[in-house]
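The values are calculated or read from the model by the stated rules, or taken from the named source; none is laboratory data. Remember, predicted model here, so these are calculated numbers, not experimental data. Neighbour counts are summed over all protein chains in view; Cβ atoms, including those assigned to glycine, are modelled from backbone coordinates with ideal geometry.
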Amino acid sequence: MTINLQQFAAICSEDSLKSYQHVLLVLDEKTQDGYPFERFLLDKLKRGHDKFSDIEKSPAAVELPSGALASFVVLKENVSVFQRHTLLRKALKPLLSEHPETLAICVFGDDKTRQTNACAAYYVATVNAQQLPSLKKDTKHKPLKNIMIHGYLAEHVYTNVNARVAGNALCRTLTMTPPNQLNPTIYREKVAALAMEHGWQHEEFDMPALRKMGAGAFVAVGQGSDPEDAAIVHLTYAPKQAKKHIALVGKGICFDTGGHNLKPAKYMYNMHEDMNGSAVALGILHAATQMQLPVRIDCWLAIAQNHIGPLAYKQNDVVKALNGMTIEIIHTDAEGRMVLADTLTLASRAKPDVILDYATLTGAMAVAVTERMSGVMANRPELAAMAVAAGAAAGERIVAFPYEEDMDSDLDSDIADIKQCTAEGGGDHMHAARFMGKFIENDIPWLHADLSSTNFKGGLGAVESTVNGFGVGFGLEMIKSLIAQS
């Protein structure tokens, strides 16, 4: 979705805003008077027995005598990117809920403050203005066509911000698509079309090919579906000026019943979103391509469904993975680490500088950090530290967990090289990482992101929709940090 952007260096006045029906005023903590429509805001605060400082936590929207709607927010200098995005989302919500054609964004403060807040407000406005899929009969959504920024004139037109928004929108669109409209066959067709559109190299390893290769961990999951349409899809973005080689790996389980260890209905609901890790990887690849980042990206998508049936894998099965390790199956609902095991082996054989994997993998991570943030583990401590910093820069909160060798004893099997998981389930997010790490060859630096915050009702950070595209922004910041090390 293309939005026309116009920027004006001059600080706005009531006169310069009189033609707008929807206005966002982003104040800094030093601007407590002299801003447009001040008297109307103060009148509203007085009626509600509120103070001006209250809009540092709760933005306020005011209907003006002209019928226009103005929303006010104060952003203090020391707020984090996540807090900045959250406050801007709340301030923009009443404006965007009216589906305006034009939005005015007015920023105040010193040069640095106006630069920061103009960029953040533009991102939050555009990411929430994206047209996402709707299957309702009556959809009243009208697109936002124009954004007018008053108070800061950038030397660019926010091209990189637009790329991040496009990647986030792709991720959310795929994740929200119902499972009957995004089974592995359809998903693979969509990925092939994206590859054609963006000029990515494209190859697929379907079930017959994976059987022949000996990718028994992936095949164990895929064999339960009829038709057997699971596949590992490999995409490559390879600009000539690439300074780094990065692999993205994404879990693409289009629907997860839990297999023979069937999920209760409460926990099976929304399991069409279990392919979100692959959607994050695609969103990052899409954005990096638009940004023309100087990095080679190999994107590996583990696309399958976890079904029940006479051919579905079951507890106590022993399967052989692509790297030759045998795996004892403990729980069929731990299918994500199975499809990722062989996918990580393939990714590592290409010898990238770094592997970054994304997966809605364990309920244990949501228990550990709630659904407001996500966790990471890495086989290099510096990668985990980089991920926390990248999340902070992107406004997507990341928590690092230990990746400790002594946890391997919990996965000891009497009949195979390794257990898929433990029967008890405690610390499963860390056990899953230790398990998957066994399938990476060539000692490649690797970061695993367990995406526990991809679905949060009421909005999270910048994004208002329940499915929020978490991970695209953090992933892009990771890639930029890795490029900077070259």
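Being surrounded by 15 or more Cβ atoms within 10 Å (Cβ to Cβ), modelled with pLDDT under 95 and either more than 26 Å from the chain's Cα centre (by Cα) or not basic (Lys, Arg) (or both) is not true of Phe72. How about the range 176-200: which of its residues are surrounded by fewer than 20 Cβ atoms within 10 Å (Cβ to Cβ), of a type in the set (Val, Ile, Thr) and over 14 Å from Pro133 (Cβ atoms)? Once the filter is applied, which keeps residues that are surrounded by fewer than 20 Cβ atoms within 10 Å (Cβ to Cβ), of a type in the set (Val, Ile, Thr) and over 14 Å from Pro133 (Cβ atoms), the range 176-200 yields only Thr185. Of all residues in the range 298-316, those satisfying the criterion of being of a type in the set (Gly, Ala, Ser) and either part of a loop (DSSP other than H, G, I, E, B) or modelled with pLDDT under 95 (or both) are Gly309, Ala312. It is to be established whether one or more residues within the range 246-262 are surrounded by fewer than 20 Cβ atoms within 10 Å (Cβ to Cβ), within 25 Å of Lys190 (Cβ to Cβ), in contact (Cβ under 8 Å) with a residue 40 or more places away in the chain and more than 26 Å from the chain's Cα centre (by Cα). No, the range 246-262 contains no residue that is surrounded by fewer than 20 Cβ atoms within 10 Å (Cβ to Cβ), within 25 Å of Lys190 (Cβ to Cβ), in contact (Cβ under 8 Å) with a residue 40 or more places away in the chain and more than 26 Å from the chain's Cα centre (by Cα).
For Thr102, state whether it is more than 18 Å from Val74 (Cβ to Cβ), modelled with pLDDT of 95 or more, outside the structural domain of Pro178 (by TED's automatic domain parsing) and crowded, with 23+ Cβ neighbours inside 10 Å.
no
Taking the conditions (1) touching a residue at least 40 places away in the same chain (Cβ under 8 Å); (2) part of a loop (DSSP other than H, G, I, E, B) in turn, Ile105 satisfies each one other than (2).
Take the residues in the range 129-164 that are assigned to a helix (DSSP H, G or I) and in contact with a Phe, Trp or Tyr (Cβ under 8 Å, 6 or more places away or on another chain); name whichever of them is surrounded by the fewest Cβ atoms within 10 Å (Cβ to Cβ).
Out of the qualifying residues, it is Val161.
On the given criteria, is Val62 buried (at least 19 other Cβ atoms within 10 Å of the Cβ), under 30 Å from Ala389 (Cβ atoms) and either under 36 Å from the mean Cα position of the chain (by Cα) or at pLDDT 95 or above (or both)? It is false that Val62 is buried (at least 19 other Cβ atoms within 10 Å of the Cβ), under 30 Å from Ala389 (Cβ atoms) and either under 36 Å from the mean Cα position of the chain (by Cα) or at pLDDT 95 or above (or both). Close contacts from the range 378-391, counting a first residue that is over 19 Å from Ile284 (Cα atoms) and a second that is assigned to a helix (DSSP H, G or I) and of a type outside the set (A, V, I, L, M), with Cβ to Cβ under 9 Å and a gap of 6+ residues or different chains, come to Asn379/Gly437. Go through the range 203-235 and report how many residues are crowded, with 16+ Cβ neighbours inside 10 Å, touching a residue at least 60 places away in the same chain (Cβ under 8 Å) and either in a helix (DSSP H, G or I) or touching a His at 6+ places or on another chain (Cβ under 9 Å) (or both). Residues flagged as crowded, with 16+ Cβ neighbours inside 10 Å, touching a residue at least 60 places away in the same chain (Cβ under 8 Å) and either in a helix (DSSP H, G or I) or touching a His at 6+ places or on another chain (Cβ under 9 Å) (or both) within the range 203-235 amount to 15. Could you please let me know if Glu404 is closer than 30 Å to Tyr267 by Cα and either buried (at least 19 other Cβ atoms within 10 Å of the Cβ) or free of Cβ contacts under 8 Å to residues at least 24 places away in the same chain (or both)? No: the conditions fail for Glu404.
With the condition kept exactly as written, say whether any residue in the range 165-172 is assigned to a helix (DSSP H, G or I), at pLDDT 95 or above, surrounded by fewer than 20 Cβ atoms within 10 Å (Cβ to Cβ) and assigned by TED's automatic domain parsing to the domain that holds Gln305. Among the residues of the range 165-172, not one is assigned to a helix (DSSP H, G or I), at pLDDT 95 or above, surrounded by fewer than 20 Cβ atoms within 10 Å (Cβ to Cβ) and assigned by TED's automatic domain parsing to the domain that holds Gln305, which makes the answer no.
When the residues of the range 454-486 are filtered to those that are polar (S, T, N, Q) and in contact with a helix residue (DSSP H, G or I) (Cβ under 8 Å, 6 or more places away or on another chain), the one that is nearest to Ala247 (Cα to Cα) is Ser481. The single residue among Thr31, Thr2 that is surrounded by 14 or more Cβ atoms within 10 Å (Cβ to Cβ) and assigned to a loop (DSSP other than H, G, I, E, B) turns out to be Thr31.
Condition check ((1) in contact (Cβ under 8 Å) with a residue 40 or more places away in the chain; (2) buried (at least 19 other Cβ atoms within 10 Å of the Cβ); (3) among the aliphatic types (A, V, I, L, M); (4) over 27 Å from Gln6 (Cβ atoms)) across all residues:
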| residue | (1), (2), (3), (4) |
| --- | --- |
| His49 | no, no, no, yes |
| Phe52 | no, no, no, yes |
| Gln115 | no, no, no, no |
| Thr126 | yes, yes, no, no |
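Among the residues of the range 28-82, the ones that are within 17 Å of Ala120 (Cα to Cα) and either outside the structural domain of Glu98 (by TED's automatic domain parsing) or not basic (Lys, Arg) (or both) come to 15 in all.
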